[in-house]
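One structure is given below, encoded as structure tokens.
The values are calculated or read from the model by the stated rules, or taken from the named source; none is laboratory data. From a predicted model like this one, the values you see are computed outputs, not experimental measurements. Quick reminder, even Gly has a Cβ in these numbers, built from the backbone with ideal geometry, and neighbours come from all protein chains shown. Heads up: the accessible areas ignore ligands, DNA and RNA and are worked out on the full protein's heavy atoms, side chains in. Shrake-Rupley method; radii C 1.70, N 1.55, O 1.52, S 1.80 Å.
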Amino acid sequence: MSWCTMIAISRKGEAKEIMAAAREAGAPGGTVCLAKGTATKTILAALGLGDTKQEVLISVIKAEDKERILDAVSGVKAKGVVMTIDSGRDKTMERSDIDSGWVLIEVISEAGYSEDIMATARKAGAEGGTVINAHGTSTEDDIKFFGSPLVPEKEILMIVISKDKADKVIEAISSMEVLKKKGMGIVFSIPVQSFMNLGKK
């Protein structure tokens, strides 16, 4: 059986409706993260994301249910984007099934650097992104306070970009001096299987 991950980025308060529609179409459930947008006002207005407070819905769904779920989600009155990412395909899937022409770039960094990273990405051709606040997992090397490890705060910057611009953006981010320091961050990209704007149906 093949699976894919559906990621929906919407205005705050809309993920619940998106998940309800997805569940009715066969999705098993999902996780909602609070986030903030980084796009310029013009881009935010075009996507219907004028408020920078956002939600990111993540749901792992069966590949065979993908089209039905995306069709159901496209009918929700929400503003934002939804995409799917291949989560391990079987040999029967064709390469064209995972090439939408879009790429998801993710940058996990120490907290406080996402704005600088986004500014660098924007100069290289990115239009905007979404930031999720997170934290690292404790290790033996972490500083301890009253016996408990102080886990470092992190930020996850998600940028959806056309495939032809992705390499230039990744190269620009990777060349930042701050990210060359050990443990400061990591950048990687994932091909997007399908992509659409929400609220367009």
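Structure values in brief
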{"item": "Some residue of the stretch 132-150 being modelled with pLDDT of 65 or more, in a helix (DSSP H, G or I) and of a type in the set (A, V, I, L, M)", "result": "no"}
{"item": "Failed item, numbered, when ILE43 is tested on (1) at pLDDT 90 or above; (2) open to solvent by less than 50 Å² (accessible area, probe 1.4 Å); (3) assigned to a helix (DSSP H, G or I)", "result": "(1)"}
{"item": "Boolean, VAL81 is part of a strand (DSSP E or B) and either more than 20 Å from VAL60 (Cα to Cα) or at pLDDT below 90 (or both)", "result": "no"}
{"item": "Set GLU115, GLU155, GLU110: member being of a type outside the set (Gly, Ala, Ser) and modelled with pLDDT of 90 or more", "result": "GLU115"}
{"item": "Residue count, the stretch 100-131 (criterion: hydroxyl-bearing (Ser, Thr, Tyr) and open to solvent by 20 Å² or more (accessible area, probe 1.4 Å))", "result": "3"}
{"item": "Yes/no for LYS16 being surrounded by fewer than 16 Cβ atoms within 10 Å (Cβ to Cβ) and at pLDDT below 90", "result": "no"}
{"item": "Pick from the stretch 52-73, criterion in contact with a Gly (Cβ under 8 Å, 6 or more places away or on another chain), open to solvent by 10 Å² or more (accessible area, probe 1.4 Å) and not in a strand (DSSP E or B), ranking: modelled with the lowest pLDDT", "result": "THR52"}
